[in-house]
Amino acid sequence: MVRRVVTGVDQQGKPVIVSDSEPPVTRQYTHTPGFARSLVWSTTAPAVPSADPTESLKSYVPAPGETIALTVTFPPASVYAAPDWDPAAAAAEQLEATPGLAELFEPDNPGMHTTPTVDYGVVLSGEIVLDLDDGETAVLEPGDLVVQNGTRHAWRNAGTEPATLFFVLMGSRDTA
């Protein structure tokens, strides 16, 4: 579980904790055991939101000037090799759970995708491989940071334990 603490200002202008709980848009995936995602926050303008924006999010790809903060837990690759794993059901679940983003995944190269965003990623636990074109990779461990500048990539967990990352996606203009 991810704990999210959100601050705000009360009617007297005093800083207060507005909520302290699991993000309301949290999902443990059914068709890919061990895969989980929690939408931590999002912004649509340079103003401080007055209400929690996560439950009304329409796309997991922020528009230019918008942001999305989320955690993603990647299960070990063995989950995808299990005889009872159903890729079609998993893809349908991704489309339902992450609109906008799931459509960008390449059907002929599982996991590979490109988004018009600049992403900051932090490995919280486990080990994950950032896979780029032509076999270029980087193995990331807890505490490692990545700046993902709108390039084609995939995340692969070659280990035996889940890997959890925290991302901030910032919408940018597509330069392609």
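Here are a few things to note about the model shown:
- Restricting segment 104-146 to residues that are under 14 Å from the mean Cα position of the chain (by Cα) and open to solvent by 80 Å² or more (accessible area, probe 1.4 Å), the residue that is modelled with the lowest pLDDT: Tyr120
- The number of residues in segment 37-55 being open to solvent by 50 Å² or more (accessible area, probe 1.4 Å) and either at pLDDT 90 or above or in contact with an Asp or Glu (Cβ under 7 Å, 6 or more places away or on another chain) (or both) comes to 1.
- Test: residue in segment 82-96 that is modelled with pLDDT under 95, within 12 Å of the chain's Cα centre (by Cα) and not basic (Lys, Arg): yes
- Segment 1-36, residues that are of a type in the set (D, E, K, R) and open to solvent by 40 Å² or more (accessible area, probe 1.4 Å): Arg3, Asp10, Lys14, Asp20, Glu22, Arg27
- Close pairs (7 angstrom Cβ cut-off, 6 or more residues apart or separate chains): in contact (Cβ under 8 Å) with a residue 40 or more places away in the chain in segment 30-46, in a strand (DSSP E or B) and hydrophobic (A, V, I, L, M, F, W, C) anywhere: Phe35/Phe74; Arg37/Leu70; Arg37/Val72; Val40/Ala69; Val40/Leu70
- Condition check for Ala158: crowded, with 18+ Cβ neighbours inside 10 Å and either within 19 Å of Val79 (Cβ to Cβ) or among the aromatic types (Phe, Trp, Tyr) (or both): no
- The number of residues in segment 130-175 that are assigned to a loop (DSSP other than H, G, I, E, B) and without any contact (Cβ under 8 Å) to a residue 12 or more places away in the chain comes to 1.
- Subset of segment 63-96 (residues that are under 19 Å from Pro53 (Cβ atoms) and open to solvent by less than 20 Å² (accessible area, probe 1.4 Å)): Ile68, Ala69, Leu70, Thr71, Val72
- Taking the criterion of being assigned to a loop (DSSP other than H, G, I, E, B) and either closer than 22 Å to Leu95 by Cα or β-branched (Val, Ile, Thr) (or both), the residues of segment 1-45 that qualify are Val2, Pro23, Pro24, Val25, Tyr29, Thr30, His31, Thr32, Pro33, Gly34, Phe35, Thr44.
- Count of residues meeting criterion [farther than 19 Å from Met112 by Cβ and over 15 Å from the mean Cα position of the chain (by Cα)] in segment 147-168: 3
The values are calculated or read from the model by the stated rules, or taken from the named source; none is laboratory data. Being a predicted model, the structure only gives us computed values, none of them experimental. Here the Cβ is made from the backbone with ideal geometry for all residues, glycine too, and neighbour counts use every protein chain on show. Ligands, DNA and RNA are excluded from the accessible area calculation, which covers all protein heavy atoms including side chains. Shrake-Rupley method; radii C 1.70, N 1.55, O 1.52, S 1.80 Å.
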